[in-house]
Amino acid sequence: MNETMRGPHHQSLGGPADPRQPGMSPDDADALLAINANLRAPSPEWVEFLGETLSTWLVELRSPAGFMDEAKAHWLVSRIDEDGMVTTPGALALLRRCCIKARTVPASLLAYLRDQELSTQMAQSVTRLSSALSGDRRVTGI
């Protein structure tokens with residue numbers, strides 16, 4: 001888990017916003033994230049499904065409804081972070097959606113999202129550069 005997300009008081013994930021409504025459990029959410037982690041090339045539809053489904057569950061259906069508090073932020077990052085990185089498109093979509101949907105978001109979670117967005121942009125730039133330099137092209141003057 002990212003060091004900026006750790007705190008001296010680890011809180012548990014809040015309960016359902018409305019306990020009378022049946023819905024997804026934390027175990028169900030963990031199962032979807034486990035499936036996501038094992039997909040080699042997730043489709044855009046999967047990325048959309050995961051981001052929308054789990055962000056709705058976490059932000060809107062878990063207490064406090066409509067907010068990303070520290071407990072929810074800790075829960076999310078502890079499940080999508082791998083050595084300081086979000087490594088799947090689905091997990092990044094989930095992080096983005098949670099930050100967009102919530103009325104308030106901890107500054108630490110927004111900073112984490114910013115860091116992940118920058119890392120993703122850098123990785124995409126390196127991939128484009130590598131593609132441009134591959135093949136018959138030769139680099140000179142370096």
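The values are calculated or read from the model by the stated rules, or taken from the named source; none is laboratory data. Here the structure is a predicted model, which is why all the values come from computation and not from measurement. All Cβ positions, glycine included, derive from the backbone under ideal geometry; neighbour counts span all protein chains shown.
Among the residues of region 36-56, none qualifies, meaning not one is part of a loop (DSSP other than H, G, I, E, B), under 18 Å from Ile100 (Cβ atoms) and small (Gly, Ala, Ser). For region 19-48, a tally of residues being within 17 Å of Leu76 (Cβ to Cβ) and free of Cβ contacts under 8 Å to residues at least 12 places away in the same chain returns 6.
Set side by side, the residues Thr120, Thr127, Thr87 differ, and just one is within 11 Å of the chain's Cα centre (by Cα), farther than 27 Å from Ala17 by Cα and either surrounded by 14 or more Cβ atoms within 10 Å (Cβ to Cβ) or not charged (D, E, K, R) (or both), which is Thr87. The residues of region 9-58 that are out of contact with any helix residue (DSSP H, G or I) (no Cβ under 9 Å at 6 or more places or on another chain) and surrounded by 12 or more Cβ atoms within 10 Å (Cβ to Cβ), listed by number, are Pro16, Ala31. Looking across region 14-42, the residues that are under 14 Å from Thr56 (Cα atoms) and either of a type in the set (D, E, K, R) or modelled with pLDDT of 95 or more (or both) come down to Asp18, Asp28, Ala29, Leu32. Of all residues in region 59-74, those satisfying the criterion of being out of contact with any Lys or Arg (no Cβ under 8 Å at 6 or more places or on another chain), assigned to a helix (DSSP H, G or I) and surrounded by fewer than 20 Cβ atoms within 10 Å (Cβ to Cβ) are Glu70, Ala71. (1) surrounded by fewer than 18 Cβ atoms within 10 Å (Cβ to Cβ); (2) touching a residue at least 60 places away in the same chain (Cβ under 8 Å): which one isn't true of Leu109, the others all being true? Condition (1) is where Leu109 drops out.
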